[in-house]
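Visitor: Sharing a structure with you now.
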Amino acid sequence: MDSQKEALQRIISTLANKNDEIQNFIDTLNQTLKGVQENSSNILSELDEEFDSLYSILDEVKESMINSIKQEQARKSQELQSQLSQCNNALENSEELLEFATRSLDIKEAEEFSKERQMLQTLKFLPVPKAPEIDPVECLVADNAVTVAWRMPEEDNKIDHFILEYRKTNFDGLPRVKDERCWDVIDNIKGTEYTLSGLRFDSKYMNFRVRACNKAVAGECSDPVTLETKALNFSLDSSSSHLNLRVEDTCVEWDPTGGKGQENKVKGKENKGRSGTPSPKRTSVGSRPPAVRGSRDRFTGESYTVLGDTAIESGQHYWEVKAQKDCKSYSVGVAYKTLGKFDQLGKTNTSWCIHVNNWLQNTFAAKHNNKVKALDVTVPERIGVFCDFDGGQLSFYDANSKQLLYSFKTKFTQPVLPGFMVWCGGLSLSTGMQVPSAVRTLQKSENGMTGSASSLNIVTQ
């Protein structure tokens, strides 16, 4: 009897152990199921974001294609309209000639008919004008304007006007047949030169060609000429700007909400990186990939800063900045890529700027390495920034009058990025600008003027 009880006890103990094992297995299955559900939810969320990104890219491509089609349609419509106008003029001339010939046939007297025949023989149709010749030596590219000059291969007093065609390109030499950009047209030019002004030089070159027109017909286009139109183009690097700044291309605005929307975006991107799922890189047609400033996080704390996405490593460059009228505080300048995420422009030895403060008291000052130089000038509506990297000079101008505001003299030991700080307001940038002729002239005689290197001890080695 005792042996049976022991056996039964062992069976009960074994069943209890199995029951615990089954319960543990069930718990494990529940946890696994919960994990699968969470992972599935995350994957679905990531897929939604990926599809949203792809839809956005497709929308951009669609918009670009639609714009190209519309431009080509407008160009062809304009050309056809011009040809139709020329044909109508020719038809009117032909009708007059036919009417004159019909009257001549009705003349019966020989002498009078002889006179009319002589008059008919002296009639001449206007010939097709020859192609003009663009003179590259006489063409001028300066101050974001291009002056194109041309001449006729031989004198033609029947020319009524000229048609100038131009387009932007990033390719040197002769225009490519399959270039993605359409020709822009300027009609009814009376002289033998024309100036295009107020351009944004967002391409390396521009192609030009000219046609001559008389009262009846337009001639062939001249041989195309390519002129260099290089300038600094950059946008704001939104990927590392302070979360209290709302950044879009060349505009930045203070965001009192703390950039919660952007923060969620960043977290989403970080989660994608952890999950190991690669996300497609969004690049618009013709855009540059943003410059990478190492693996540093966004600006934070009281460094309400955003940098440009293109580094300056050599040469002379110029851009302009305009602040909103109610902007309480902002800075404009340059900084090394190594500027810390807690650093403020002008308070380190790696940044130079001028600072405008319209809060509590109005101040205007130049800053570098935590040293301040008060500026006894009126804050302009637009500020022009001139950076001579090789010459070690950073100058600020009234963009309208080209009056010098301040000039730093230093030795740049690293590439610099355009830098901006804004609090309670906004800034808008103008890039793709050449160094103005007035600024170049002032730079030659600027040494020794306001803002010498000794005033802020800014010479760096």
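The values are calculated or read from the model by the stated rules, or taken from the named source; none is laboratory data. Every value quoted in this text rests on a predicted model; they were computed, and no experiment measured them. Every residue, glycine as well, gets a Cβ built from its backbone with ideal geometry; the counts of neighbours run over all protein chains shown. These accessible areas exclude ligands, DNA and RNA; they are computed on the full protein's heavy atoms, side chains included. Shrake-Rupley method; radii C 1.70, N 1.55, O 1.52, S 1.80 Å.
Visitor: Taking only protein heavy atoms and a 1.4 Å probe, what accessible area per residue, in Å², does the stretch 303-401 have with all protein chains in place?
Guide: Per-residue accessible area for the stretch 303-401 comes out at 41 Å².
Visitor: For GLU228 and SER314, compute 0.36 nm times the residue count separating them, minus their Cα-Cα distance, and round to one decimal in nm.
Guide: Extra length from GLU228 to SER314 when fully extended: 29.2 nm.
Visitor: Roughly how many Å is it from the Cα centre of the stretch 402-433 to that of the stretch 189-207, as a whole number?
Guide: 28
Visitor: Which value in nm describes the separation of the simple spin-label points at GLU96 and ARG75, placed 7 Å from the Cα toward the beta carbon?
Guide: The two pseudo-label positions are separated by 3.5 nm.
Visitor: Please list, in order, the residues from the stretch 359-391 whose amide nitrogen is less than 15 Å from a point placed 7 Å along the Cα→Cβ vector of SER437.
Guide: none
Visitor: Now, a different point. Taking the stretch 147-217, which GluC sites (Glu not before Pro) meet the DSSP loop condition and have no more than 15 other C-beta atoms within 10 Å?
Guide: GLU154, GLU155, GLU180
Visitor: Roughly how many percent of the accessible protein surface of the stretch 286-424 is carbon and sulfur, given a 1.4 Å probe and a whole-percent answer?
Guide: Result for the stretch 286-424: 46 percent of the exposed heavy-atom area is carbon or sulfur.
Visitor: Assuming R0 = 56 Å, can you tell me the calculated FRET efficiency for the pair GLU138 and THR413, based on Cβ-Cβ distance, to the nearest 0.05?
Guide: FRET efficiency, GLU138 to THR413: 0.85.
Visitor: Here's something else I'd like to know. Evaluate E = 1/(1 + (r/R0)^6) for PHE171 and ASP27, where r is the Cβ-Cβ distance and R0 equals 51 Å; express this FRET efficiency to the nearest 0.05.
Guide: 0.15
Visitor: In nm, to one decimal, how far is the VAL36 label point from the GLN9 one, both placed 7 Å along Cα→Cβ?
Guide: According to this spin-label approximation, the distance is 4.3 nm.
Visitor: Now, a different point. With each pseudo-label sitting 7 Å past Cα toward Cβ, what's the ASN369-ASP160 distance in nm, one decimal?
Guide: 6.9
Visitor: Can you work out the PRE-style zone for LYS130? Point 7 Å along Cα to Cβ, and I want the residues of the stretch 136-172 with backbone N under 14 Å.
Guide: 151-159
Visitor: What is the local net charge at ASN88, summed over the other residues whose Cβ is closer than 14 Å to its Cβ (Lys, Arg +1; Asp, Glu -1)?
Guide: Value of the local net charge: -2.
Visitor: Still on this model: Given R₀ = 51 Å, FRET efficiency for LEU84-TRP359 by Cβ-Cβ distance, to 0.05?
Guide: 0.25
Visitor: Report the local net charge at ALA212: Lys and Arg +1, Asp and Glu -1, summed over other residues whose C-beta lies under 11 Å from its C-beta.
Guide: Net of charged neighbours comes to 0.
Visitor: Could I ask something else about it? Of the peptides 35-41, 313-319, 326-332, how do they stack up when ordered by the mean number of other Cβ atoms within 10 Å, highest first?
Guide: Put in order of decreasing packing, that is 326-332, 313-319, 35-41.
Visitor: Per residue, how much accessible surface does the stretch 174-246 expose to a 1.4 Å probe? Answer in Å², no decimals.
Guide: The answer is 51 Å² per residue.
Visitor: So which of LYS70/LYS168; LYS190/LYS230; LYS190/LYS215; LYS328/LYS402; LYS168/LYS322 end up more than 19 Å apart, counting from Cα to Cα?
Guide: As for pairs spanning more than 19 Å Cα to Cα, those are LYS190/LYS230; LYS328/LYS402; LYS168/LYS322.
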